[in-house]
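Comments concern the structure below.
The values are calculated or read from the model by the stated rules, or taken from the named source; none is laboratory data. The structure displayed is predicted, hence computed values, not measured ones. Cβ atoms come from the backbone with ideal geometry, glycine included; neighbour counts cover every protein chain shown.
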Number of protein chains: 2
Amino acid sequence: MFSPRPIGFVSSPYRETSAIPKGLGAQHEAVGVLKILPEYEAGLTDIEGLSHLFVIWEFDRSLGFELVGTPPCDQRAHGVFATRSPRRPNPIGLTIVELLRREGADLHVKGVDMLDGTPILDIKPYLSSVPAEKLRRGWLAEAEARQK
Amino acid sequence: MFSPRPIGFVSSPYRETSAIPKGLGAQHEAVGVLKILPEYEAGLTDIEGLSHLFVIWEFDRSLGFELVGTPPCDQRAHGVFATRSPRRPNPIGLTIVELLRREGADLHVKGVDMLDGTPILDIKPYLSSVPAEKLRRGWLAEAEARQK
């Protein structure tokens, strides 16, 4: 397989995992900067027109993985592929951010939930959504219902 | 950085890139199977309740990368991070699929746009959408307008 390389790093207000909002109803409103390395800046051409981006990144401070675990929003265990746990076979994170503005190779974004210094692997355009009425959220909806 | 490992492989009707629908208005309705390796099957626990999944995978038949390129849906060039081009610094693909059913370690899904045999890196729950009225699609909306 390929060897991952960072295309940049996240500048985030979060210095430790415990500071990141987690669990049911967690809001990700934090503003941060995706600092893209100069050699990849040309790849940002025309990104300004997009309102939302997928950011793919490395959980670089996560060790090992756990196939079944209990997320912060539930007392029940679920499979890692049904959760956003950092302890995954491939430590890859995915975050949807709103692009506030671009300044050269810096993308100012809203919605970061990564630690400061997180390596960025890729950025992709967010172009369409699954309509809310078509989504079923399984165990998460059940956990929310139990807490009401 | 970490060394990626496949957690499974895609069984898809597409044997070559030219067969995959591309460009403006391309529909991804193809049905395929995410065949997860037996050693990761426990990670699928409770995935059945989710209607949609993010699939993160490797563009394993893509060579090298191009920071600026012309996508199939436009005559103008755009930065790689503003497109879904396979020729990326990290050859990572992202697809949103609808989960039709699970059979053991096989996830039958709708919406595959990967080649048959594509290595899967991760699966994550799709839990919420950006409302359509908040999305701006930049160069893609402009390309669509020009073709009308």
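Residues in the range A:70-85 that are assigned to a loop (DSSP other than H, G, I, E, B) and either modelled with pLDDT of 95 or more or polar (S, T, N, Q) (or both): A:Thr70, A:Gln75, A:Thr83, A:Ser85. So is A:Val55 crowded, with 22+ Cβ neighbours inside 10 Å and out of contact with any helix residue (DSSP H, G or I) (no Cβ under 9 Å at 6 or more places or on another chain) or not? Criteria met by A:Val55. Within the range A:109-120, being part of a strand (DSSP E or B) and either of a type in the set (Asp, Glu) or under 11 Å from the mean Cα position of the chain (by Cα) (or both) holds for one residue alone: A:Ile120. Filtering the range B:91-108 down to residues that are touching an Asp or Glu at 6+ places or on another chain (Cβ under 6 Å) and in a strand (DSSP E or B), which residue is nearest to the other protein chains (Cβ to nearest Cβ)? Among them, the one singled out is B:Ile92.
Taken together, B:Pro21, B:Pro6 contain a single residue that is at pLDDT below 95 and over 20 Å from B:Tyr126 (Cα atoms), which is B:Pro21.
Would a scan of the range A:77-92 turn up a residue that is more than 23 Å from B:Leu94 (Cα to Cα) and in contact with a Gly (Cβ under 9 Å, 6 or more places away or on another chain)? Yes, the conditions are met somewhere in the range A:77-92.
Criterion first (within 14 Å of B:Leu127 (Cβ to Cβ) and either in a strand (DSSP E or B) or among the small types (Gly, Ala, Ser) (or both)) does A:Ser62 satisfy it? When the stated conditions are applied, A:Ser62 does not pass them. For the range A:1-23, residues that are over 13 Å from A:Pro119 (Cβ atoms), more than 11 Å from chain B (Cβ to nearest Cβ) and either aliphatic (A, V, I, L, M) or in contact (Cβ under 8 Å) with a residue 24 or more places away in the chain (or both) total 10. Note on the range A:126-147: residues that are assigned to a loop (DSSP other than H, G, I, E, B), more than 7 Å from chain B (Cβ to nearest Cβ) and either surrounded by 14 or more Cβ atoms within 10 Å (Cβ to Cβ) or touching a residue at least 24 places away in the same chain (Cβ under 8 Å) (or both) total 0.
Counting the residues of the range A:27-50 that are over 17 Å from A:Pro119 (Cβ atoms), within 16 Å of the chain's Cα centre (by Cα) and in contact (Cβ under 8 Å) with a residue 24 or more places away in the chain gives 4.
Restricted to the range B:70-103, and to residues there that are under 12 Å from the mean Cα position of the chain (by Cα) and among the β-branched types (Val, Ile, Thr), the residue that is surrounded by the most Cβ atoms within 10 Å (Cβ to Cβ) is B:Val97. Here A:Ile123 passes the criteria (1) at the interface with another protein chain (Cβ under 7 Å from one of its Cβ atoms); (2) among the aliphatic types (A, V, I, L, M); (3) not in a strand (DSSP E or B) except the one numbered (3). Candidates are the residues of the range A:1-52 that are crowded, with 18+ Cβ neighbours inside 10 Å and among the aromatic types (Phe, Trp, Tyr); the one that is farthest from B:Gly138 (Cα to Cα) is A:Tyr14. Based on what the data block shows, is A:Ser62 at the interface with chain B (Cβ under 10 Å from one of its Cβ atoms) and within 18 Å of B:Asp46 (Cα to Cα)? No; evaluated as a whole, the condition is false for this residue.
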